1. Counting other beta carbons within 10 Å of each residue's own, what order do A:His242, B:His126 fall into, fewest first?
2. Could you tell me which of rounded, prolate or oblate describes region B:67-157, using a ≥ b ≥ c as the square roots of the eigenvalues of the alpha-carbon gyration tensor, with rounded for a/c under 1.5 and, failing that, prolate when a/b is larger than b/c and oblate otherwise?
3. Which of the GluC sites (Glu not before Pro) found in region B:1-83 are in a DSSP loop and have at most 11 neighbouring Cβ atoms, other than their own, within 10 Å?
4. If you average 1/r across every pair of different Cα atoms in region A:129-206 and take the reciprocal, what Kirkwood value do you get, in Å?
5. Gaussian network model of chain A, Cα springs within a sub-10 Å range: biggest mean-square fluctuation belongs to which of A:Ala181, A:Ala259, A:Ala132?
6. From the helices alone, meaning DSSP H stretches of at least four residues, give me the mean residue ellipticity at 222 nm for chain B, per-run term -39500 (n - 2.57), in deg cm²/dmol to the nearest 500.
7. Report ³J(HN,Hα) in whole Hz for each residue of region A:190-196, in order, from the Karplus equation J = 6.51 cos²θ - 1.76 cosθ + 1.60 where θ = phi - 60°; Gly and Pro get x.
8. Using alpha carbon centroids, what distance separates region B:87-132 and region B:1-36, in Å?
Amino acid sequence: MMELLQILEQTGQGLFGSAWLPVWTVVKILAIVLPIMGAVAYLTLAERWVIAWMQVRIGPNRVGYFGLLQPIADGVKLLFKEIIVPSSSNKALFVLAPIMALAPSLAAWAVVPFNDGMALSNVNAGLLYILALTSLSVYGIIIAGWASNSKYAFLGAVRSAAQIVSYEIAMGFALVCVLLASQSMNLGDIVNGQKGGYGLLNWYLIPLFPMFLVYVISGVAETNRAPFDMAEGESEIVAGFHVEYSGMAFALFFLAEYANMILVSFLTAIMFLGGWLSPVPFLPDSFIWLLAKVSFILFLFLWFRATFPRYRYDQLMRLGWKVFIPLTIVWVVVVAAWMQTPLWVW
Amino acid sequence: MQAIKKFFKTFLLYELVKGMALTGRYFFARKITVQFPEEKTPQSFRFRGLHAQRRYANGEERCIGCKLCEAVCPALAIKIEVAEREDGTRRTTQYDIDLFKCIFCGFCEESCPVDAIVETRVLEYHGEKRGDLYYTKAMLLANGDKLEEQIAKDRAADAKYR
């Protein structure tokens, strides 16, 4: 594998000269973004299947074998639909909003390590970068709600803004615990910090279990997924922030939502479930472990959606401010104190 | 003790996990979806679908133009014109059912003294242009001729409950 990369590097250098670095970076970006797009497409299909099975239905099974071409058909349908721009909307912002929603959720992948040392850019402040970009994606939603000039869209945007602000804090504190435990903000180093002779027992899942729960639940809230899909709330405010969007602009919001889901799953796997590390000492570490963990967390996302009814708005705020934030602050202190004692073995 | 129990139940998300266990069980349950064109649900002999006009065994149409169905129809979907035939019997010259108006309540069938207008088991029909679902007497009689066997069997099965 490594030799192959080296050969590629040399031939590329010969072909492109000094332009090789940007070319090679673009290739690497494509190698990350295209599989993500495919994963997003098939995540929508998986979601429909999982929810259908939990509702004792069979889900899409008509397009292609077992409905495997359904996401393609959906994509083509949305591509050919007209994008309607409401006459009273702020046109520039209206068009900008879906891009604002999607761009950060793709940009955040730059620092995600897929295997030991396999990241687009091995940034030392990777965690900060991730935190910054995931909070940026809410601007897409706010701008969409405001530019639509529709009361439902605006309500959705307001809710989304308040929700993200509340859960961002809990999420941040949960990550502070991970920082304390790993002593690094580099995502690759965080995974390597969970290495040890005991496999699963070395993961931060064990000492930081409450933070794991907080992070997963905040992640669900952060991606505006059920039961925290207040910004959409089809039964209350129609479709929330994207009520005025149609065609590909609408599809971009969905791409962003699902890309964010996958991102949060990757981050959970990396920070709490040991990334690509094997859960048992006798099996080798591999990218496949990371994929398995991510799939499990994504399944959890879908499982949540099939199980829980939507939170009421005040309940959501209570959970964020009065449960999660105190809990995470306490746990930061506990972990910090714990690390000063010999009982800390991670 | 109670308070401690409640604390742990809350923070370990006991009830949420219980809910997820339920949906998790149904994940593996046998699916009840009927895949329509290939699979069909069983039909009752009282099924109320597309209308038909029946004939007697000798080929004479049953309808005597009494207009009871027209009177009872709650959706005003039936239109009847009556005239005397050459042999002196009272017959309909026009008998139309507008299927867009029809609500398939079965009152026409219920009110008919000679079992002329009936609703059949046919539910998969469609119209391709305007007026296709405005059924005239000829269309209704054609339906009856085509489906007489099934219609007669269903009436026979229902007879003992009447």
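1. Details: A:His242 28, B:His126 6.
Starting with the residue having the fewest Cβ neighbours, the order is B:His126, A:His242.
2. Numbers: a/c = 1.38, a/b = 1.14, b/c = 1.21.
Cα axes put region B:67-157 in the rounded bin.
3. On the way: sites: B:Glu15, B:Glu38, B:Glu39, B:Glu60, B:Glu61, B:Glu70, B:Glu81; in loops: B:Glu38, B:Glu39, B:Glu60.
Those satisfying the criteria are B:Glu38, B:Glu39, B:Glu60.
4. Values: mean 1/r = 0.0674 Å⁻¹.
The Cα-based Kirkwood calculation yields 14.8 Å.
5. Evaluated over chain A, the most mobile residue of the options is A:Ala132.
6. Calculated mean residue ellipticity at 222 nm is -11000 deg cm²/dmol.
7. Karplus values, whole Hz, x for Gly and Pro: 4, 5, 5, x, 8, 6, x.
8. One Cα centre to the other: 51 Å.
Read the figures in this text as sums done on the coordinates, not as results from a lab. All of these numbers come straight from a predicted model, not from anything done at the bench. Don't worry about glycine lacking a Cβ; one is built from the backbone with ideal geometry, like all the others, and counts go over all protein chains shown.
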